[in-house]
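So the structure is just underneath, and the comments pick up after that.
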Amino acid sequence: MSTAASRPSGSQTRGRPSCSGASPLGSQLYNAIVWMDSRTSSICRRLEKELTGGRTHFVDTCGLPISTYFSALKILWMKENVDAVKDAIKSGDALFGTVDTWLIWNLTGGIGMVNPEQKQVKALHVTDCSNASRTMLMNLKTLEWDRPTLDALGIPIEILPKIVSNSEIIGTIAKGWPLAGIPIAGCLGDQHAAMLGQLCQKGEAKSTYGTGAFILINTGEQVIRSSHGLLSTLAYKLGPNATVNYALEGSIAIAGAAVQWLRDGLGIIRTAAEIEEMAELVETSGGVYFVPAFNGLFAPWWRDDARGVCIGITRFTNKGHIARAVLESMCFQVKDVLDSMHKDAAEGGVKTKDGEFFLHVDGGATVNNLLMQTQADLLGSPVVRPADIETTALGAAYAAGLAAGVWSEADILASGNRDKATIFRPKVDQAQRKRRCDSWCKAVSRTFDLADLSL
């Protein structure tokens, strides 16, 4: 790629709160801890007992419950269990961040931009407001690190990156990289980028189907506090002085990962694409319900003591029934989140059904037509799959181009990714939908208290 004809770069990172630590000299202090890692469960239980608000102690400030999911507790775990991290924090030589922070640090120089004698850091230690909102440490109103939260958790603010907006010139790519000199003009978490790429306006929702599934609804300039098991979060801020858009989010830990388990763990399928063909060998799941609580359940249940179950099996259950039950598990989980989302949005005064409600979808799994039709059937609402399902990358491009003046917000809104969308409409009646959803809820209840968290 010729830099003479280059455009500004935009970064979208997995906005799930992975966390890594490094020293100002650029050396890695410990391996990154990913979002699904549950090693912090004992810290969660300890904080729930110690803090007056229990699991929801920080919700009013950061919008998030105490959970193994978020970065703050991963920092605490490293601080308490890794000597190199403890020593570096004590000496003032520790820096932390999510994946975007690590990428930007390296793209802007990393260890190659450091004077070892003066410990002078020229590489940028920054994060964007969408990724910062997933740490459990950012104040949703001020978009700054929240001092009372940091004090309560014993995390020094000095180790955290500077927070920037999602669309601004953050820095330039350093010498030594193929695209040296190109500005880094946009940065978003993956789900926030997907929401922007889907062009979701206030009251519109999107669901991304990947390893997990992540459903967000744009609540405009209003922060809605969930009373139904969802997260209050930032959607995006398109510039340092731009208006902030907020969202409600429901995170599902296991979606496409269940298909991977069928392939790699059980060997029922050889490729992920085979699951649709296998599931279509039967007309229904035959009363089989699969709840993939491999590492507990996230929204709206928030049960880290849950573990996976497959129930309703009979002598006549075959691979097709199991495959269909796995696909249906994604759709049931999305419905659980959307039911909570509609309730929270209504209580917050955000209309989600001006006329007919549509769920906008994206992610690799959405190429599965059976999955999309099943989703529409269980929701009782149309599901809209855009012409370009890689809306996460599209959102990052929108943000970067906006900051660099390549296009305007009006250009983005007129981009037309919805023009050639495929719409899946429900084909089952309300009685059948209710019967299946009631059976699903019974299956979910069977997953509780299966994990011994005292170990």
Checklist outcome for this item: Once amide hydrogens are built 1.01 Å from N within the peptide plane, the residues lying 5 or more places from residue 58 or on another chain with amide H under 5 Å from its amide H are 66
Item to check | Reduced Cα scattering model of the stretch 252-295, Debye log10 I(q)/I(0), q = 0.26 Å⁻¹ | outcome: -1.08
Item to check | Computed helical MRE - 222 nm, the chain, DSSP H runs ≥ 4 contributing -39500 (n - 2.57), nearest 500 | outcome: -9500 deg cm²/dmol
Checklist entry - With respect to the cross-link table entries 343/434; 206/237; 319/427, which display a Cα-Cα separation exceeding 21 Å? => result 319/427
Next on the checklist: Can you give the log10 of the normalised intensity I(q)/I(0) at q = 0.09, 0.18 Å⁻¹, computed with Debye over equal Cα scatterers of the stretch 65-219?
Outcome noted: -0.35, -1.23
Next on the checklist: Which one, 251, 186, 261, projects farthest toward the positive side of the charge dipole computed for the chain from Cβ point charges (K/R +1, D/E -1)?
Outcome noted: 261
Checklist entry - What ranking, highest mean first, results for peptides 60-70, 187-197, 233-243, 83-93 when packing means the other Cβ atoms within 10 Å averaged over each residue? => result 187-197, 60-70, 233-243, 83-93
Checklist entry - What residues qualify as long-range amide H neighbours of residue 30, i.e. H under 5 Å apart, gap of 5 or more or another chain, H built at 1.01 Å from N? => result 21
Item to check | Relative contact order, percent, the chain [alpha-carbon distance under 8 Å, six or more residues apart] | outcome: 16
Item to check | Phi to ³J(HN,Hα) by Karplus 6.51 cos²θ - 1.76 cosθ + 1.60 over the stretch 443-452, Hz, x for Gly, Pro | outcome: 5, 4, 4, 6, 7, 6, 6, 8, 9, 8
Next on the checklist: Can you give me the Rg/Rh ratio for the stretch 202-287, using Cα atoms for both radii and the Kirkwood formula for Rh?
Outcome noted: 1.17
Checklist outcome for this item: Here the relative contact order (percent) of the stretch 109-245, from C-alpha pairs under 8 Å and at least 6 apart, is 21
Item to check | Cα lying deepest toward the dipole's positive end in the chain, options 167, 287, 297, charges on Cβ | outcome: 287
Checklist entry - When 278, 136 are ordered from fewest to most other Cβ atoms inside 10 Å of their Cβ, what list results? => result 278, 136
Item to check | Estimated vicinal HN-Hα couplings, Hz - the stretch 140-148 in sequence order (Karplus 6.51, -1.76, 1.60; Gly, Pro = x) | outcome: 5, 7, 8, 6, 10, 4, 8, 4, x
Checklist outcome for this item: Counting all Cα-Cα pairs in the stretch 272-384, those more than 17 Å apart amount in percent to 61
Item to check | HN-Hα J in Hz across the stretch 185-194 - Karplus 6.51, -1.76, 1.60, θ = phi - 60°, x for Gly and Pro | outcome: 10, x, 8, 9, x, 4, 6, 5, 5, 5
Checklist entry - Taking all pairs of different Cα atoms in the chain, averaging 1/r and flipping that mean, what Kirkwood radius in angstroms comes out? => result 22.9
Checklist entry - If amide H atoms are built 1.01 Å from N in the plane of the peptide, which residues on other chains or at least 5 residues away come under 5 Å of the amide H of residue 108? => result 124, 174
Checklist entry - How large is the charge dipole for the chain, taken about the Cα centre, if only the Cβ atoms of Lys, Arg (+1) and Asp, Glu (-1) carry charge, to the nearest 20 debye? => result 500
Checklist entry - Length gain on complete extension for the stretch residue 264 to residue 409, per 0.36 nm per residue less the alpha carbon to alpha carbon distance? => result 47.8 nm
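The numbers here are math on the coordinates, done by the rules we state, and not lab data. Please read all numbers here as calculations on a predicted model, not as lab measurements. Virtual Cβ from ideal backbone geometry, glycine too; neighbours counted across all protein chains shown.
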